[in-house]
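Quick notes on the structure that follows.
Please treat every number below as a calculation from the coordinates, not as lab data. In this text, all values refer to a predicted model and were calculated from it rather than measured experimentally. Every residue, glycine among them, receives a Cβ derived from its backbone with ideal geometry; neighbour counts consider all protein chains shown.
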Amino acid sequence: MAITAADVNKLRQMTGSGMMDCKNALVEADGNFDTAIDILRKKGQKVAAKRADRTSNQGRLVAKMNAEHNVAAILMVSCETDFVAKNDDFVIFTESIMDAAMANSIKTREELLMHKINGITVEEMLVEMTGKTGEKTELPAYEVIEAPCVAAYNHHGNLLATIAGFTVGGEKVYEPAHNVAMQIAAMNPLSVDPKQIPQNIIDHELELAREMTRQEGKPENMIEKIAEGKLNKFFKENTLLSQEFIRDNKISVAEYLKQTDPNLTCCCFYRLQLGER
């Protein structure tokens, strides 16, 4: 399979590895990106774990919560260029959809698309915006969290946003909840805790750890124990509650939350990001 410069650049953006390393990995993997990522990891490259983020080329993300801090929503509206995404009309368009969604307690993307604003559905509004800008305009994602306390965070430029739910309510939770929503944006966890990591990902990480351990020349009778240790490190880096808290790396996110209330923890989150495919 012919490997193009675009393929190499895509893998580089996905992994942060060097161009030649990415090219060689793609050649060895016959163009398969998942296999190429594993090849880079086996060769000792520091590669970010694959994420489940929903992505689109350009557009705008909006995360909001209600005044009671118990419902939060996150909306993605996509287009083809940042020129359109930053246009005032597009900004007002996305805000009007989000405001309608929050005001009418809309729970799903499908329900939102069928909701009428000023007599026409959101789905029809998207078609109208496409005609107005000349760019395909879509609504790829809309998610809602209801919890005793919620937080919503919009990163600068509205290309990245998060919402999170927490087990304890009240004003004392607002600040730590916001800080954890920022943690989710910065550290991109795969799940709240290891229990929510799909078994196929755990199995894949274990097998990869075994192969890497064998390549390091470790005795066969030590491989399983070392692989388990690597898996635990994977959990620490990739599950929210186990991650080091970005404002104090001496404690975990779970420990940080319990400083506010022993029963406080994060129960769920969504993190959406726009960017080059």
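Going by the alpha-carbon gyration tensor, a ≥ b ≥ c the square roots of its eigenvalues, is region 25-169 rounded (a/c under 1.5) or, if a/c is not under 1.5, prolate (a/b greater than b/c) versus oblate?
Note, shape of region 25-169 comes out oblate.
For a protection proxy built on the mean count of beta-carbon atoms within 10 angstrom, sort 88-99, 142-153 highest first, please. Mind showing how you got there, number by number?
Numbers: 88-99: 16.3, 142-153: 22.2.
The peptides rank, most packed first, as 142-153, 88-99.
In whole angstrom, how far apart do the alpha carbon centroids of region 72-98 and region 223-277 sit?
31 Å
Just to confirm a number: summing +1 for Lys and Arg and -1 for Asp and Glu over residues other than E220 whose beta-carbon lies under 14 angstrom from that of E220, what do you get?
On the way: positive: R210, R214, K218, K225; negative: E211, E216, E224.
Residues close to E220 contribute a combined charge of +1.
For region 1-48, what is the convex hull (Cα atoms) projected area averaged across all directions, in square nanometres? Walk me through the numbers on the way to the answer.
Values: hull surface 10.6 nm².
Approximately 2.7 nm², given one-decimal rounding.
Which value in deg cm²/dmol, rounded to the nearest 500, describes the helix-derived mean residue ellipticity at 222 nm for the chain, given -39,500 (n - 2.57) per DSSP H run of n ≥ 4 and division by the residue count?
Values: 11 runs with 125 residues, N = 277.
It comes out at -14000 deg cm²/dmol, rounded to the nearest 500.
Are there trypsin sites (Lys or Arg not before Pro) in region 78-181 that DSSP puts in a loop and that have at most 14 other Cβ atoms within 10 Å, and which ones? List each step's numbers first, then the result.
On the way: sites: K86, K107, R109, K116, K132, K136, K172; in loops: K86, K107, K136.
Filter output for region 78-181: K86, K136.
Summing Lys, Arg as +1 and Asp, Glu as -1, what charge do residues with Cβ under 12 Å from the Cβ of I202 carry, I202 excluded?
With Lys, Arg at +1 and Asp, Glu at -1, the net is -2.
Tell me which label goes with the value of Rg/Rh (Cα atoms, Kirkwood Rh) computed from the coordinates here: (i) 0.95; (ii) 0.97; (iii) 1.02.
Derived directly from the coordinates: (iii).
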